[in-house]
Amino acid sequence: MLVYELLLFMSHSGVSIMNQESIVPEVIDVAPQGTISVTYPSGKEVKFGNELTPTEVKDEPTVSWEANSDEYYLLIMTDHDTPEEVREVKHWLVGNIKGSDLSTGEVFAEYLGSGPPKGTGLHKYIFLVYKQPQKIDFHEPPRVAHNSRANRLKFSVRNFAKEYNLGDPVAGNYYKAQWDEYVDERNKHMC
């Protein structure tokens, strides 16, 4: 019973934090009730607004969430603390995930770690999971490579979810990051 109460508290505190941080209503309309577990190869974990460095989050993380293994889900990672003309930056997009087994999904945008420009302060990097009504034939551009900016800028989670009738996200989490030296190194390899 104690584990259930702890998970319930963490879920509700995540909802509250996402509301306080203006993720609701700036990015999504309703904060998800579930929590996405995100752990990086560096050993760092995402914990509803903790600060991580671009160096610590440069490699694709392991993610999981409470899921039904017979249903399909979609995972999005976005940065919405960008200039208005950029809107949001799509950092990761995987659809048609069976349960929470990411290896079964279709990758539309490979993972791209944080890269906030120098002097822009902390950016929020938001992970959201949507439960799909069924397997979807997404009409997204070809896979965006991890070192490409193509089809990443001017993204909108809200518009994407509406386009595919995804409803509200079922799980979420986020961290904050600001520029460190790795960003300049990363950008040298971007096309």
Item to check | Charge context of His146, other residues only, Cβ under 9 angstrom, K/R +1, D/E -1 | outcome: -2
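Looking only at GluC sites (Glu not before Pro) in DSSP loops with at most 16 other Cβ atoms within 10 Å, what is the longest site-free stretch of the chain?
111-191
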Item to check | Cβ-based charge dipole, the chain, positive-most Cα from Asn68, Leu112, Val30 | outcome: Leu112
Next on the checklist: Please report the net charge: other residues with Cβ closer than 12 Å to the Cβ of Leu93, K and R +1, D and E -1.
Outcome noted: -1
Checklist entry - With charges set only on the Cβ (+1 for Lys and Arg, -1 for Asp and Glu), what does the dipole of the range 112-191 come to about its Cα centre, in debye to the nearest 20? => result 140 debye
Checklist outcome for this item: Here D for the chain, in µm²/s, from Stokes-Einstein with a Kirkwood Rh over Cα pairs at 10 °C and 1.306 mPa s, works out to 95 µm²/s
Checklist entry - Could you give the dipole magnitude of the chain about its Cα centre, charging the beta-carbon of Lys and Arg +1 and that of Asp and Glu -1, in debye to the nearest 20? => result 300 debye
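Using a cut-off of 14 Å between beta-carbons, work out the net charge of the residues near Asp137 (Lys and Arg +1, Asp and Glu -1, Asp137 not included).
-2
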Next on the checklist: Check which residues have an amide H placed less than 5 Å from His123's amide H, if you skip close sequence neighbours.
Outcome noted: Ala177, Gln178
Item to check | Separation between Cα centres of the range 86-103 and the range 127-191, rounded to whole Å | outcome: 6 Å
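Taken together, the values in this text are just the output of simple stated rules run on the coordinates, not laboratory data. These numbers come from a predicted model, not from an experiment. Every residue, glycine as well, gets a Cβ built from its backbone with ideal geometry; the counts of neighbours run over all protein chains shown.
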